[in-house]
Amino acid sequence: RGPPQKAPQPRHDQDATDPASSAYLIPPSDVQDICVGNVLSPPTSAVSFRMAALSADIPHTTSLSTTNRQCSSGLQAIANIAHAIQSGSISIGIGAGVESMSSDPMHELYDKFPPQVDWDVVQNCRHSRDAMGCLIPMGVTSENVSKKYRLDRSALDRFAAESHRKAARAQSLGKFRAEITPVGDVSRDDGIRPDTTAETLSKLKPVFDKAEG
């Protein structure tokens, strides 16, 4: 407990998955609760998270839960743990998030895994338009927003390329080091592409609106 800014910084020359490593900021046995945010989770996700916690030397007496608030699931997990600490329910907890977007084809998600609902009720209720609108994937929503506000593809490509450039510079200056504890041989964000250009991005084929995206 206490102000986050007073927390000790992790050692970046050690692996956080090694129980003998002093990269652990606190003993695993001190963790009282864990909350993991996840959206597109398989039916066995809670079991997977529990197995991961036990594999990290966190004792079986430490409780674990999962939460789903769509794109804010990881943030909600942190909020849940923060609220538990603030209320005095626990002193130490872990708020985490995990997702594999490449494992879930969002453009065909509802075709392969339709919601299990009473369609007669949903399609004939007072808010049927909004209820059926829940089936619109986020990618299609982004295309609709782009069209509504007349966002030009080339302008968006330039914005994205500039974002990568800024991120690459920040990474080279070590701006993210205090935020990342190495796990295995992973010690930095590998999603940043310093050589990306607007021209390169313009060659990517649209996924959701193949004709005008």
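The listed residues SER102, SER41 rank as SER102, SER41 when sorted by accessible area, largest first, using a 1.4 Å probe. Backbone geometry of the range 113-122 corresponds, through the Karplus equation with coefficients 6.51, -1.76 and 1.60 at θ = phi - 60°, to 3J(HN,Hα) couplings of 10, x, x, 8, 10, 7, 5, 4, 5, 4 Hz, x marking Gly and Pro. Surface composition of the range 37-184: carbon and sulfur atoms hold 56% of the protein heavy-atom accessible area at a 1.4 Å probe. Phi angles across the range 141-156 convert, under the Karplus curve 6.51 cos²θ - 1.76 cosθ + 1.60 with θ = phi - 60°, into 3J(HN,Hα) values of 4, 5, 5, 5, 5, 4, 5, 4, 9, 6, 7, 7, 4, 5, 5, 5 Hz, Gly and Pro given as x. Springs join every pair of Cα atoms under 10 Å in this Gaussian network model of the chain, and among GLY97, GLY37, GLY139 the largest mean-square fluctuation is at GLY139.
In terms of its alpha-carbon gyration tensor, the range 42-102 comes out oblate; a/c meets the 1.5 threshold, while b/c is at least as large as a/b. Largest GNM mean-square fluctuation among PHE113, PHE159, PHE176, using the chain with Cα springs under 10 Å: PHE113.
Positive end of the dipole of the range 55-147 (Cβ unit charges, origin at the Cα centre): among MET101, GLY88, THR66, the Cα lying farthest that way belongs to GLY88.
Checked against a 29 Å cut-off, the cross-linked pairs LYS166/LYS205; LYS112/LYS147; LYS148/LYS205; LYS147/LYS205; LYS175/LYS203 give Cα-Cα distances beyond that limit for LYS175/LYS203. Taking the Cα centre of the range 67-213 as origin and assigning +1 to Lys and Arg Cβ atoms and -1 to Asp and Glu Cβ atoms, the resulting dipole is close to 560 debye.
What does the C-alpha gyration tensor say about the overall shape of the chain? Classify as rounded when a/c is under 1.5, otherwise prolate if a/b is larger than b/c, or oblate. Judged from the Cα gyration tensor, the chain comes out oblate (a/c at least 1.5, b/c at or above a/b). Summed over qualifying helices (DSSP H, 4 residues or more, each -39500 (n - 2.57)) and divided by its residue number, the chain shows a 222 nm mean residue ellipticity of -10500 deg cm²/dmol. Amide H to amide H, with H built 1.01 Å from N, THR67 comes under 5 Å of VAL36, GLY37, ASN38, counting only residues 5 or more places away or on other chains.
Based on C-alpha pairs under 8 angstrom that are at least 6 apart in sequence, the range 136-199 has a relative contact order of 40 percent. As a length-normalised measure over Cα pairs under 8 Å and 6 or more apart, the relative contact order of the chain settles at 22 percent.
Note on TYR149 and ASP209: the extension gain reaches 20.0 nm, defined as 0.36 nm multiplied by sequence separation minus the Cα-Cα distance. Placing MET51, MET101 in order of accessible area, with the largest value first and a 1.4 Å probe, yields MET51, MET101. A simple rule links phi to the HN-Hα coupling: the Karplus curve 6.51 cos²θ - 1.76 cosθ + 1.60 with θ = phi - 60°, which for the range 129-138 gives 4, 5, 5, 6, x, 5, 7, 6, x, 4 Hz, with x for Gly and Pro.
The values are calculated or read from the model by the stated rules, or taken from the named source; none is laboratory data. Keep in mind that what you see is a predicted model, and the values were worked out from it rather than measured. Here Cβ is always computed from backbone atoms with ideal geometry, including for glycine, and neighbour counts include all displayed protein chains. When the accessible area is computed, the model is the full protein with side chains, heavy atoms only, and any ligands, DNA or RNA have been set aside. Shrake-Rupley method; radii C 1.70, N 1.55, O 1.52, S 1.80 Å.
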